[in-house]
Every structure is written in C-alpha cells, then in structure tokens.
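In what follows, a single structure is set out as structure tokens and then discussed.
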Amino acid sequence: MRDVTLSSLERLGLGAAGAPVVDDGTLTFLMDEDAFRLFYDRTARPVWAYLARITGDRQLADDLLQETYFRFLRSRAEFEDEAHRRNYLFRIATNLAHDARRRAPMVTTPVDDGPGDFAHEHADPQSHDATGQAVRRLDLSRAMRRLKPRERSLLWLAYAQGSSHVEIARTLGLKTGSIKPLLFRARRRLSALLQGGAR
Amino acid sequence: MKACPREPEVVEAVTRGDWRQATALGDNDLRAHAASCAACGELVTLMQALREDHAVACRAADVPAAGTVWWRATIRARAEAAEKAARPITLAQGVAAASIAGVAAAFAGVAWRAFPSLPQPDPFVMLALGLGVCIVIAPLVLVFTLARD
Ligand SMILES: [Zn+2]
C-alpha cells in the first residue's frame, strides 16, 4: 500500500492547501485507487455501522460515509500503521457525525425503522440477570439515542468494535487516561436506560 | 456500583469471541466471577448486546462500491480544484470591472466639459463623483465575485 505523504506531495510541487490537486488531469489523493479499494472494503461496513449507531439515522449515515472517505482521501496525514489509519478514519467519521447531530439533532430516518433493522436479536438468551432481561425487552438503539454523542461513540468503539483505550482516545481526541472513567459512566447510563426503559 | 479490576479480562474474553466458548476454553474462573460480580455481569451483557448489534449492522450495511466512492471523490476533488483555480480570475475580473467603471466615469466628465453650453460643475465635484462610482461599484463586484466562490 502506497501512501503519498506531505513530503512527497511537496517534492511533486503540489500546493499546500487542503484540497487535492489536479495536475495535468492527474488527481493526487492520500492513496492510489487500488490501495483505497482494499482499505475501503475492509472498513466501509464498520464505519457505516458506527455512523448509523451514533447518529441514529441511516440516511445520514449513507451521506456521512461518502463524506468521511472524501475527507480521508484528501487529507495529508501520515500513518504509523493500519490501526493508526483506521483510527484516523473513525476520527473523521466521529467529527462529521457529531457536527451533523449538532446542526440537526432530530432523527429523520431512525436506524431501527424499516427493513434491515439491526436493533433486535442482540441479547444472549441464556443470560438471566436483570440487565440481560432489560436488553431483551427494550430496544438498544432507543437507549443509545438517549445517550450523549460522545457516550455513544465510547460504548460503540470499546464494546462493539473492541477498540483499545489508546485507539478510542485517538479516535475521539481524548486523553487515554480519561477513557476508563468516561466509559464506565457511559456504561452505567446505558444500563440504567435499558433497565429503566428507554422508550 | 464500582468498576471491577477484572473488567479488562472480561472485555478481552468477550472481544475474543463467544463468551461461553471463551470461558469453556479455560476462563471458567472468570465466568464464575462474572456471575457473582455486578460490574462484570453488566459488562458482559452490554458487550454481548453491542457486539451482536455491530455484527447485524455490518451485515445490514448497504454501502456503495469502493469504485463508486472513489469516482465520486475524484469528481468532487476536480470540481473543487477547478473552482479554486478560477477564483483569482474572478477576483481579477472584479477589480477590472471596477477600474473600467472609474475610467468610464472620468471619460464622461471630460466629455461633459467638451460641451460648454451644458452647466459646468466644479472639477472637485466631478472627481468626487468618479471616486464615488468606484467606491460603490468595486464592493458590489467583489461581493458578487466572492458569493460565487
Ligand atoms: Zn468483576
């Protein structure tokens, strides 16, 4: 996989502004098309799921997915490894989703409406504790929508995606040491919402 | 409820895969702990719910093909780059339009003075009128130019 870094862009004599540069019809992005296809195929579905869950809006998730990859492609970031690249992608998605929710906090196309609903069938049927029963009874997506955007992101990244605290900190632009208490609080809130009834 | 020091172990076991399978493979002690620890029990339940939700969402995701996303990005990047390249031209056009307006105003003043039968205003007034035209036209042209960007 070949990344075009800031230094190589400068060697090519390309502009320093944020947008990719068109030079003799050649477009310069963060990576070439083949590398992008591989990266996209590995990440698009998790990114969409993340966007859909933290915005609570499928249609918005569709729009933000395209925007996320556009901003990723035209960025000039340099990455240590694949995990770093992924964290950066999710950071773009996070910022876009939080900005979109700030501008339009009302949900227009809820995630758990219509076909392809993924808010159900998630509970462990063998679980007999109170929270487990609540999870089966209530809708996780509705409870998630009652959380703050950052709480949704924290819970999704940590527990749905299995990201480490370092990765979550990078994605959300927080200090690594702050993740543990923030995550614990978010978890307690989600649990309370599920047990108390999120509807 | 307080956080439990064994939570990282629980997170790792659930993240590895099926919690029951993981515990059957040697984490029986952990499973027994989670059954009696409120924090870990809650953690397991929420993690299983979120992980299942994640798996179903990824399956349900109807994402466009990579080629489509790449194609749209290139189209947009080219449009933005072309627009950016055109900006100095439109600015230059704006300045040129304001200059032409100033020259036209000066020419009108000279032409007016060629006809002594017409009432002749003070040259200072004429100069002020010319400057006024420039001052009014230039910002208008700039506003329209920048609005297009
Ligand atoms: Zn515990």
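Derivation of every value follows stated rules applied to the coordinates shown; laboratory data play no part. The structure presented is a predicted model; accordingly, all values stated were derived computationally and were not measured. No Cβ is skipped: glycine too gets one built from the backbone with ideal geometry, and neighbour counts run over all protein chains shown.
Relative to the present Cα-Cα distance, how much length would full extension add between residue B:114 and residue B:1 at 0.36 nm per residue of separation?
Taking residue B:114 through residue B:1 to full extension adds about 31.1 nm, to one decimal.
List A:41, A:81 from most exposed to least, where exposure is judged by having the fewest other Cβ atoms within 10 Å.
A:81, A:41
In which sequence would A:171, A:55, A:28 go, from the one with the fewest C-beta neighbours within 10 Å to the one with the most?
Fewest-to-most Cβ neighbours within 10 Å comes out as A:28, A:171, A:55.
Rounded to the nearest 0.05, what FRET efficiency do residue B:84 and residue B:29 give with R0 = 45 Å and r taken as the Cβ-Cβ distance? Could you check?
0.15
Calculate I(q)/I(0) for chain B by the Debye formula, one identical point scatterer on each C-alpha and no solvent, and give its log10 at q = 0.09, 0.18, 0.22 Å⁻¹ to two decimals.
One equal scatterer on each Cα of chain B leads to -0.62, -1.03, -1.22.
So what J values fall out for segment A:82-95 if you push phi through Karplus, 6.51 cos²θ - 1.76 cosθ + 1.60 with θ = phi - 60°, rounded to Hz, Gly and Pro as x?
4, 5, 4, 4, 5, 4, 5, 4, 5, 5, 4, 4, 4, 4
Given R₀ = 25 Å, what would the calculated FRET efficiency be for residue B:9 paired with residue A:80, taking r from the Cβ atoms and rounding to 0.05?
0.35
What is the local net charge at residue A:188, summed over the other residues whose Cβ is closer than 12 Å to its Cβ (Lys, Arg +1; Asp, Glu -1)?
Around residue A:188, the charge tally is +2.
Using all alpha carbons of segment B:7-60, what is the percent of pairwise distances in each 10 Å bin, ordered from the shortest bin to the longest?
In order of increasing distance, the bins hold 26, 54, 17, 3 percent.
For chain B, what are the DSSP H helices with axial Cα length of 15 Å or more and mean Kyte-Doolittle hydropathy of at least 0.0?
Qualifying helices, which must be both long enough and hydrophobic enough, are B:38-60, B:66-113, B:123-148.
Place a point 7 Å from the Cα of residue B:136 along the Cα-to-Cβ direction; which residues of segment B:102-123 have their backbone N under 13 Å from it?
B:102, B:105
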